[in-house]
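Step one of this worksheet: look at the structure below.
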Amino acid sequence: MANVRLENITKRYQNVTAIENISFKIPDGEFWVLVGPSGCGKSTIMRTIAGLETANSGNLYIGDNLVNNIPARQRDVAMVFQNYALYPHMTVAENLAFGLRMRNVDAARIKERVETVARSLSIDHLLNRKPKQLSGGQQQRVALGRAIARSPKVFLLDEPLSNLDSQLRDDTRAELKQLHQRLGITTVYVTHDQVEAMTLADKIVVLNKGKIQQIGSPQSIYAKPANRMVAAFLGNPAMNILPAIYVNESFQLGNQFLACPPSLQKRLHPKEGQGFDLGIRPENIEFFTPSAAENDDLKRDLWALEKVPLDVEVKVVEPLGRETLIRASLPLLSAETTVQLQVPASVRCRSGDRLTVQLDFDRLFIFDPSTGEALYP
Ligand code: ADP
């Protein structure tokens, strides 16, 4: 086992800078997840750690060793790909043994190791089958097993669950977590799926356009995203981002005004007419049903509490079982914006209904619209 340290790693392909100045250190035994939209550089980082790519600049350490010039097979890392890459003509046992055989481990030791690993992944009854005689989930376990069998210092997993159907993906995700708890091997895991990132990671590295946006625990990134990209990327359904303008000590959202508390005015030093992006997660929007929305007394009460009632029109209602996701349109500044609300399943509403929603500063995020930088909380 070992820590993994990247220092200012940059990798270019012709004129594309795939990753730029990437630095982080994964402590021994931790599970780190690289996450971000397609093309953000996740696989390039992974392939650079594996030794399948050579960085243009920067240093890479595994344990105390600088490995920039060490070939992939001497790095003692094991990589599992999305497509498993099993040898089709070999049995499961032979696939599991392959890495050990390449290292000239003696036959008795290989046999024992293969059996131990197969048992730990519950594939010991499949040892004589060929990959095409296995389900996707079983093939995936064999690929993991082949990597584990070598007892690598570092595990690199590149979207290992994306070929599985959703139930199997959830189960395998939980098993992977258990496996990591048991083996404690330093792991780098690539995914574009933010649920996998949130559930598996000790630390998440959020990437965009080849650059690190934020590194932190899932909880800390969710609670305090560094910028609008991170805020919108982590969380399902995604955070609503509503453009507003600061007018007369309030944020103007369409024809409504949200009074800005004095403490926030002190912090933001907003200028009259300045634009802000307000972020609110779908589960944090309070709302009133159609009949309540007609109630002018209620609105007056809300105004008295300096809370902004916004009228929205329900467009799509998506029941999810325990909750319902509502997509509604909100007339803002120049254009209609869609807002998503997550409400209890007991709430009854239909397309065309009007709802009054309410934003609360305790739940609000504020971003600089030009840089995307988080200004609050
Ligand atoms: P991700 O894994 O996040 O989808 P990648 O690391 O695969 O992203 O790619 C990062 C960027 O580098 C993308 O713009 C991609 O098009 C580019 N890229 C990756 N591999 C190559 C290559 N072999 N040649 C040219 N460009 C590449």
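The values are calculated or read from the model by the stated rules, or taken from the named source; none is laboratory data. For clarity, every value in this text was computed on a predicted model and none was experimentally measured. Neighbour counts run over all protein chains shown; Cβ positions are idealised from the backbone, glycine included. Quick note on the areas: whole protein, heavy atoms, side chains included, nothing else; ligands and nucleic acids left out. Shrake-Rupley method; radii C 1.70, N 1.55, O 1.52, S 1.80 Å.
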Solvent-accessible heavy-atom area per residue, rounded to whole Å², over the range 201-267 at 1.4 Å: 44
Shape category assigned to the chain from the gyration tensor of Cα positions, a/c cut at 1.5: prolate
Top positive-direction residue, dipole computed over the chain with Cβ charges, set Phe257, Gly99, Thr371: Gly99
Accessible surface of the chain, 1.4 Å probe, proportion on carbon and sulfur as whole %: 47
Listed residue (Leu341, Tyr246, Gln138) projecting farthest to the positive dipole end of the chain, Cβ model: Gln138
Ser351-Asn104 FRET efficiency (beta carbon distance; Förster radius 56 Å; 0.05 resolution): 0.25
Contact order relative to length of the chain, as percent, for alpha carbon pairs under 8 angstrom and 6 or more apart: 15
Tyr376, Tyr222, reordered so the largest accessible area comes first (probe 1.4 Å): Tyr222, Tyr376
Anchor Lys271: lysines whose Cα lies under 22 Å away (excluding residues fewer than 8 positions away in-chain): Lys307
Label point distance in nm, Leu52-Asn21, each placed 7 Å from Cα along Cα→Cβ: 2.8
Under 17 Å from the Cα of Lys315 - lysines, other chains or at least 8 residues apart: none
Probe 1.4 Å - accessible area at His89, Å² to nearest ten: 120
Solvent exposure ordering (accessible area, 1.4 Å, most first) of Phe233, Phe367: Phe233, Phe367
Given charges at Cβ of Lys, Arg, Asp, Glu: the chain dipole, positive-most of Ala328, Val312, Ala197: Ala197
The range 4-225 - charge dipole about Cα centre, Lys and Arg +1 at Cβ, Asp and Glu -1, debye rounded to 20: 380
Gaussian network model of the chain, Cα within-10 Å springs - most flexible of Asp165, Asp193, Asp202: Asp165
Solvent exposure ordering (accessible area, 1.4 Å, most first) of Met1, Met229: Met1, Met229
Residues of the range 227-264 with amide N under 20 Å of the 7 Å Cα→Cβ point at Asp170: 235-238
Per-residue SASA entry for Phe81, accessible area with 1.4 Å probe, Å² rounded to 10: 70
Within the range 166-253: Cβ-based charge dipole about Cα centre, in debye rounded to nearest 20 (Lys, Arg +1; Asp, Glu -1): 260
Solvent-accessible surface (1.4 angstrom probe) belonging to Tyr13, in square angstrom, nearest 10: 70
Pairs from Lys11/Lys177; Lys42/Lys209; Lys42/Lys203; Lys153/Lys177; Lys42/Lys130 whose Cα-Cα separation, in the structure shown, is over 21 Å: Lys11/Lys177; Lys42/Lys130
Å² per residue, accessible surface of the range 1-145 at 1.4 Å: 50
Residue-span extension gain [Leu66 to Ser329] - 0.36 nm each, minus C-alpha spacing: 89.2 nm
Percent of Cα-Cα distances greater than 21 Å, calculated over the range 4-225: 55
Charge dipole (debye, nearest 20) of the chain; +1 at Cβ of Lys and Arg, -1 at Cβ of Asp and Glu: 1740
